[in-house]
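Everything on this sheet refers to the single structure shown next.
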Amino acid sequence: MITVDLAETSVRDLNQRLHKLPKDTNERAWRVVNPKGAHALVAGLDAPIEVTIDGHPGYYCAGMNKEATVIVNGHCGVGLAENMMSGEVRVKGNASDAAGATGRGGLLVVEGDAGLRCGISMKGIDIVVAGSVGHMSAFMAQTGSLVVCGDVGSSFGDSIYEARLYVQGKVESLGADCIEKKMTPHHLAKLEKLLKRAGIEADARRFRRYGSARRLYNFHVDNVDAY
Amino acid sequence: MSAPIPVRTPPRRSATFDEHSIAEIQRAAATGIYDIRGAGTKRKLPHFDDLLFLGASVSRYPLEGYREKCATDVVLGTRFAKKPLHLKTPVTIAGMSFGALSGQAKEALGRGATAMGTSTTTGDGGMTPEERESSKTLVYQLLPSRYGMNPDDLRKADAVEIVVGQGAKPGGGGMLLGQKISARVAAMRNLPQGIDQRSACRHPDWTGPDDLTIKIQEIREITDWEKPIYVKVGATRPYFDIALAVKSGADVVVLDGMQGGTAATQEVFIEHVGIPILAAIRPAVQALQDLDMHRKVQLIVSGGIRNGADVAKALALGADAVAIGTAALVALGDNDPKLETEYQALGSTAGCYDDWHEGRDPAGITTQDPELAARLDPVKAGRRLANYLAVLTMEAQIIARACGKSHLHNLEPDDLVALTVESAAMARVPLAGTSWIPGAI
């Protein structure tokens, strides 16, 4: 394992070193220490490597991640794994706002809580949060799945498209066009598989499913109050 | 004897309830929905036409038009980026999406811009391979919706433009109506075909200038500090917005006046929000000068650029480059009088057609209908755009030489006067024949 100490190396040098790795690199295991809130840490990775961060990164940790596995032994700032394409990002602590925003693929696991707007505008990513998420989570969520084992703040799934939302705890309120839907055996199987993939122990049967009522898909004046 | 003709007051139209206002009330009452259209504001505004150049005379001498060089090149992104853009002309192509425009139109824009050594820009829908291939210099937009955003295209781009807003609708999001959502457009945006595709008005993962600083840092990290980062704003509070964009770390700031076009926005938004580009340039330049960043952070202005005089005036007021959108579409073939019969069938007429959101454009530009789109030959349309860009550049050079300037960037506010009190105040140049600049301390 290669260890990089951010007390001695800049984020820019670390990121550029990781970006230069070929897909078939033998340098697959990395450890980053002393992140001390640094922004854009391991952003833009594009190779099947595993990076473990010991400490707390700042904004946009693992932003636009592709293929890499990133494990954070700490808490993360805003925009964790934003626009992730593939791979896996796992945070042992909490994540701040906009975790997994606009993510297009891969798996994001937050073992603690996530802040506001978790999964906002998500486009195919799967997000599993072992704790709770805040207000306006899954706003304009397009595709992918958001699983919340705890509670959810207000306006959940506002203006949602085709994303699948699963919640075990309480939902403070649903946003425009977001409704509770029947948990079919098909969806239950999907959820069980996702929880298992995320390594989160929970009984899928205790979750409720939410999704789009599809009333706002094409503008109509009679729905004006919903906008 | 015939009956006496009664004395009557002739019919009088109201200046307040004019023909357009009455028609809009009637349309709103009948449909229950506001009007949506493309293009920019159509109202009469103080504009570049209200400024005139002071050609050389006894006190200054001109350059010989056919012998003495007047350079037009511009370098964008010199502040932080390892690879700034070197353009041959300061006229660039503004962001317009695949989705709003056909693939053929996007290709034509790339061809025309490349032929003239300038850049073109993606839009709210991602980058298509055809667009990348046809554009030697391509600016990749990062918008609130993040439709199609991915790190591979980010690295393929020559520059990245973070769009905070646009002149036609500062503070507003967007809506691409379902009829323009073809299977390909839908797939690029990760959404079902045929449904309205809303674009948010704010970015999902940052709010305010402090966050923007960090967002720019992230994009720089992902692209290894190679690409110039632009920040685009709609013209509303240009002094503060430009100052904050500079503070946030932008290499280039793009300022779009309310004349700037849109693919689909509410008429009330287009006509009543934002300020004209003429009123926005000087405060923006002032902000750059106050921060000692004028010419270090480049300023691109857009919104209503039509001819070389507009280009020269924008540069004289302090811009480094301009961007064109609506004019570029017209050069490709939009609103061509040859299509008059078809425009009339759509309830419009050549020169007025602005229902770009409906996807029925007979010119094949603002459509995803394969049959209509096939009408536009990207090679020929690209050539028309290249011709037009060449004319814009040459016209600006003619004016610059007449003012004795060996580079378009040597034009300055001292070369200009204003025809109206309003334009003098906005452009901060004297009213013609006087030394009076309204509002100057």
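The values are calculated or read from the model by the stated rules, or taken from the named source; none is laboratory data. If you're wondering where the values come from, they're calculated on a predicted model, not measured in any experiment. A quick note on method: Cβ atoms are made from the backbone with ideal geometry, for glycine too, and the neighbour counts reach across all protein chains shown.
Quick notes on this structure:
- Criterion: without any contact (Cβ under 8 Å) to a residue 40 or more places away in the chain and surrounded by fewer than 24 Cβ atoms within 10 Å (Cβ to Cβ) - qualifying residue of B:Pro283, B:Pro337: B:Pro337
- Between B:Glu371, B:Glu358, the distinction of being surrounded by fewer than 21 Cβ atoms within 10 Å (Cβ to Cβ), free of Cβ contacts under 8 Å to residues at least 12 places away in the same chain, within 20 Å of B:Ala183 (Cβ to Cβ) and of a type in the set (D, E, K, R) belongs to B:Glu371 only.
- Criterion: within 24 Å of the chain's Cα centre (by Cα), under 23 Å from B:Leu154 (Cα atoms) and more than 12 Å from chain A (Cβ to nearest Cβ) - qualifying residue of B:Val233, B:Val273, B:Val268: B:Val233
- Tallying residues that are hydrophobic (A, V, I, L, M, F, W, C), away from chain B (no Cβ under 14 Å) and assigned to a loop (DSSP other than H, G, I, E, B) within the range A:132-168 yields 1.
- All told, A:Glu67 meets the bar of being more than 9 Å from chain B (Cβ to nearest Cβ) and either farther than 24 Å from A:Cys149 by Cβ or of a type in the set (Lys, Arg) (or both).
- Looking only at residues of the range B:104-131 that are modelled with pLDDT of 95 or more, assigned to a helix (DSSP H, G or I) and of a type outside the set (A, V, I, L, M), we find that the one that is nearest to B:Gly167 (Cα to Cα) is B:Lys106.
- Where B:Thr366 falls short, out of the listed (1) over 17 Å from B:Gln104 (Cβ atoms); (2) β-branched (Val, Ile, Thr); (3) surrounded by 21 or more Cβ atoms within 10 Å (Cβ to Cβ): (1)
- For the range B:52-85, filtered to residues that are among the aliphatic types (A, V, I, L, M) and more than 20 Å from the chain's Cα centre (by Cα), the residue that is nearest to B:Ile162 (Cα to Cα) is B:Ala81.
- Figure legend. Inter-residue proximity from the range A:76-104: first residues within 12 Å of another protein chain (Cβ to nearest Cβ) and closer than 18 Å to A:Ala163 by Cβ, second residues surrounded by fewer than 22 Cβ atoms within 10 Å (Cβ to Cβ) and basic (Lys, Arg), beta-carbon distance below 8 Å, spacing 6+ or different chains. Indicated pairs: A:Met84/A:Lys66; A:Met85/A:Lys66; A:Ser86/A:Lys66.
- Lone unmet requirement of (1) hydroxyl-bearing (Ser, Thr, Tyr); (2) surrounded by fewer than 23 Cβ atoms within 10 Å (Cβ to Cβ); (3) touching a residue at least 60 places away in the same chain (Cβ under 8 Å); (4) under 26 Å from B:Ala280 (Cα atoms) for B:Thr121: (2)
- The one condition in (1) under 22 Å from the mean Cα position of the chain (by Cα); (2) over 30 Å from A:Gln16 (Cα atoms) that B:Ile195 fails to fulfil: (1)
- Flag for A:Leu21 being within 14 Å of chain B (Cβ to nearest Cβ), surrounded by fewer than 21 Cβ atoms within 10 Å (Cβ to Cβ) and closer than 23 Å to A:Gly105 by Cβ: yes
- For A:Met183, the conditions (1) at pLDDT 95 or above; (2) part of a loop (DSSP other than H, G, I, E, B); (3) closer than 24 Å to A:Ala81 by Cβ; (4) of a type outside the set (Val, Ile, Thr) all hold with the exception of (3).
- Of residues in the range A:111-121 being touching a Lys or Arg at 6+ places or on another chain (Cβ under 8 Å) and closer than 23 Å to A:Glu192 by Cα, the one farthest from the other protein chains (Cβ to nearest Cβ): A:Glu111
- Test for A:Glu201: is it loosely packed, with under 13 Cβ neighbours inside 10 Å, more than 13 Å from chain B (Cβ to nearest Cβ), outside any helix (DSSP H, G or I) and modelled with pLDDT of 95 or more: yes
- Taking the range B:175-286 and the strands (runs of 3 or more DSSP E) fully enclosed by it, the elements with 3 or more residues that are more than 26 Å from A:Ala95 (Cβ to Cβ) are at B:229-234, B:252-256.
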